[in-house]
Amino acid sequence: MDLVLKVDDLVGHPERSRVVTGTIPVRLRIADASVDGPLLLTGVVTGTVDGVQARFTVNAQADLVCVRCLTPWTETLEADGDRHFSRIPDEDGYAIVSGVVDLAGPARDELSLAVPLAPLCRPGCRGLCPICGTDLNEDPCDGHGDEPESPFTVLKDLFDPPRSGS
């Protein structure tokens, strides 16, 4: 089912409401996160004096990659939305047009805001060893002996106080 709803019977009648459910296909990519599949919307559309108020929840499966250890996993994202529609388009261009509203745009908007910008596979993820790339969550790295030679090694004593007697 698509998310286009006829709402003429609700406009101007704040006492009327309608339960809404629907699924739309969605393809979304933000950084290394992606959603490619169905987006499920459930909610209620209620009449207002000059339009309708839609309150809804969306959820969809997202493929995420941890920013610290690069572990991929799938997680269900969920977001709540609250949008007022009137005959005059809002700042995003959403409006009642020919007696119908389309919840697909607001649903995609809310889902995209639910995608984490820096996903972590777990709260205490330790990441990867910067020297050998070992996943520190799975195998604690014992170190690598001496630090590798850096072109900045000559600068390391720059901020040390002068030694007396030198």
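No lab work stands behind these numbers, since they all come straight from the coordinates. What you see is a predicted model; the values in this text were computed from it and never measured. Positions of Cβ are backbone-derived with ideal geometry, glycine not excepted, and every protein chain shown enters the neighbour counts.
Details
- Near Ser98, once Lys and Arg are set to +1 and Asp and Glu to -1 for all other residues with Cβ below 13 Å from its Cβ, the sum equals 0.
- Pair Thr57, Leu117: separation of 7 Å Cα→Cβ label points (nm): 2.6 nm
- The range 27-71-the range 112-144 distance, computed between alpha-carbon centres (Å): 26 Å
- Normalised by 2.2 N^0.38 Å, where N is the number of residues, the C-alpha radius of gyration of the chain stands at 1.70.
- Using the Cβ of Gly124 as centre and a radius below 14 Å, the other residues enclosed give a net charge of +1, where K and R count +1 and D and E count -1.
- Extended-chain gain in nm, criterion 0.36 nm per residue less alpha-carbon gap, Asp82 and Arg29: 16.8 nm
- Here the chain is assigned +1 on the Cβ of each Lys and Arg and -1 on the Cβ of each Asp and Glu. Its dipole about the Cα centre then comes out at about 420 debye.
- Each Lys or Arg adds one and each Asp or Glu subtracts one; over the other residues with Cβ under 13 Å from the Cβ of Cys66, this totals -2.
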